[in-house]
Amino acid sequence: MNCRAPSRASSCVDSYAESVSEGEIEEQRERLLDGWDHVAAGWGRQADRTQSVASPISEWMIDHAQPTPGETVLELAAGPGDTGFMAAHRISPGGTLICSDATNGMLAVARERAQEQGVDNVEFKQLQLEWIDMPTASVDVALCRWGVMLTLDPSAALRECRRVLKPGGRFALAVWDQPERNPWATVMQRTLVELGHAQPPAPGGPGMFALAAPGQLQRMLEEAGFFDVEVEPVAITRRYASVVDWLGETRDLSEQFGEVWAKLPDAQRQEVRERVSLAAQPYVTETGEVILPGSSLAALAHA
Ligand SMILES: C[S@@+](CC[C@H](N)C(=O)[O-])C[C@H]1O[C@@H](n2cnc3c(N)ncnc32)[C@H](O)[C@@H]1O
């Protein structure tokens, strides 16, 4: 796998990757990918729940990209792989799904899920979004749910997605919408910051909300050479049996949260629980369930 940093000339001038030194960026990239590898087992444990919450987003992506029998579909940053597996059924007979992720841990989870779901027209490949080690113009459809905004250079990642698509190819992706539309994520992150257990995310750096600003995704896709770009918010609902259940899911899915939690003594964990319970009050039902809204931006772009 080619893991070298992109040349400065190929990076977008206003990218975060341009604002820090090459050495720092490499260290940060390695840390980020190690972090994803570390939470792969947790993503595996939560995969059924994640997919039941996120299926409206996957459905939007597949319905808009319209994979057809015989086509080649590439899923990037696939994690447990469920969006690609939905497409795999549509390209049969004759089509191939390439399920890819930067980390071995996530690919292991995806392999297991493909087997469980009986998906047999799939190949697995370790690929990084910013250097997709695939020939130019080799796939009909590219899919990427919740991946591009996590890269250090999303402009480079989008250019790579366009490069591997055949002329007329379709790219369907999703990133998270603005933080205020996703309290299921921000409450936990804010609690850690307020209690002094974590730093706020670096401005302009990679993270859940890095591409959430109005118009940003559309602009970046067009700058990467895509045309007929369509971006639409897709609502989701996250339901938890209790605040404890919500905390448990967050520990599984968020490397930052899990790492902080593992080091906290009991008294400080209790403080986190109390803060989160307080912030959760508007979302708690009479039965004690916690029901939180969320929103992703789904997009379709043509190469
Ligand atoms: C938020 S998870 C989303 C997983 C899956 N797409 C889903 O929607 O459930 C992000 C995934 O992106 C992968 N990832 C992070 N940075 C990446 C990069 N630079 N290139 C490729 N994959 C990356 C992680 O390993 C992880 O599997």
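Here, each number is a calculation from the coordinates, and none is a lab measurement. Keep in mind the model is a prediction, meaning the values are calculated, not measured. Neighbour counts run over all protein chains shown; Cβ positions are idealised from the backbone, glycine included.
In the chain, a dipole from Cβ-located charges (positive for Lys and Arg, negative for Asp and Glu) runs towards its positive end, and of Gly105, Leu264, Ala301 it is Ala301 whose Cα lies farthest in that direction.
Full extension of the chain segment joining Gln218 with Thr96 gains 41.1 nm, where the gain is 0.36 nm per residue of separation less the Cα-Cα distance. Taking 7 Å steps out from each Cα toward its Cβ at Glu194 and His64 produces label points 3.4 nm apart. Only the Cβ atoms of Lys and Arg (+1) and of Asp and Glu (-1) were treated as charged; on that basis the dipole of the chain about its Cα centre amounts to roughly 120 debye. Sorted fewest first by neighbouring Cβ atoms within 10 angstrom, Trp43, Trp176 come out as Trp43, Trp176. Rounded to the nearest Hz, the phi-derived 3J(HN,Hα) couplings of segment 63-72 under the Karplus curve 6.51 cos²θ - 1.76 cosθ + 1.60 (θ = phi - 60°) are 4, 7, 7, 6, x, 10, x, x, 7, 9, where x marks glycine and proline. Here Glu249, Glu27 are placed in order of increasing Cβ neighbour count within 10 Å, fewest first, which gives Glu27, Glu249.
The angle between the Cα long axis of helix 104-116 and the longest principal axis of the Cα atoms of the chain comes to about 80 degrees, rounded to the nearest 10.
Rounded to the nearest whole Hz, the Karplus-based 3J(HN,Hα) values (6.51 cos²θ - 1.76 cosθ + 1.60, θ = phi - 60°) of segment 254-259 follow the sequence 9, 4, 4, 5, x, 5, with x at glycine and proline. FRET efficiency for the Lys263 to Glu230 pair, using the beta carbon distance and R₀ = 35 Å, is estimated at 0.20. Taking all Cα-Cα distances within segment 176-303, those exceeding 21 Å account for 48%.
Of interest is the spacing of the C-alpha centroids, which for segment 237-265 and segment 78-124 amounts to 27 Å. If you build a Gaussian network model of the chain, linking Cα atoms that sit under 10 Å apart, which residue out of Trp261, Trp146, Trp184 swings the most? Most flexible of the set in this elastic network: Trp261.
Summarising the label geometry, the points placed 7 Å from Cα in the beta-carbon direction at Glu123 and Asp34 lie 3.2 nm from one another. When the Cα atoms of the chain are aligned to their principal axes, the ranges along those axes come out at 56, 44, 33 Å in descending order.
In nm, to one decimal, how far is the Glu22 label point from the Leu278 one, both placed 7 Å along Cα→Cβ? If labels sit at Glu22 and Leu278, their model points lie 4.9 nm apart. Taking the fewest neighbouring Cβ atoms within 10 Å as the starting point, the ordered list for Met134, Met61 is Met134, Met61. Expressed to the nearest 5 percent, the antiparallel share of DSSP beta bridges inside the chain is 55 percent. Length gained on full extension, Asp48 to Glu271: 77.3 nm, using 0.36 nm per residue less the C-alpha separation.
Computed per residue of the chain from DSSP H runs no shorter than four, each worth -39500 (n - 2.57), the mean residue ellipticity at 222 nm is -13500 deg cm²/dmol.
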